[in-house]
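Enquirer: Handing you this structure, nothing more for now.
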Amino acid sequence: MISSIQQPISVNSTLSTLLSELGEECEKVVFLLSQLKLANLTDD
């Protein structure tokens, strides 16, 4: 279970950039997965 209390952690700028980019890519994947669940999809 993820705690509802989140404390910022100290990370260097490279790690911070990578984490930000990873978050963006994860959002894209979640969006694409949600598109696969649409009821009106066809084989085309």
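Any read-out appearing in this document is the output of simple, stated calculations on the displayed coordinates, not a laboratory observation. Since the model is a prediction, treat every value here as computed from it, not as a measurement. We place every Cβ from the backbone using ideal geometry, glycine too, and count neighbours over all the protein chains shown.
Enquirer: Could you compute the net charge surrounding residue 34? Neighbours are other residues with a C-beta less than 13 Å from the C-beta of residue 34; K and R count +1, D and E count -1.
Expert: +1
Enquirer: Sticking with this one: Cβ neighbours within 10 Å, averaged per peptide: list 16-23, 27-34 in order, most packed at the top.
Expert: 16-23, 27-34
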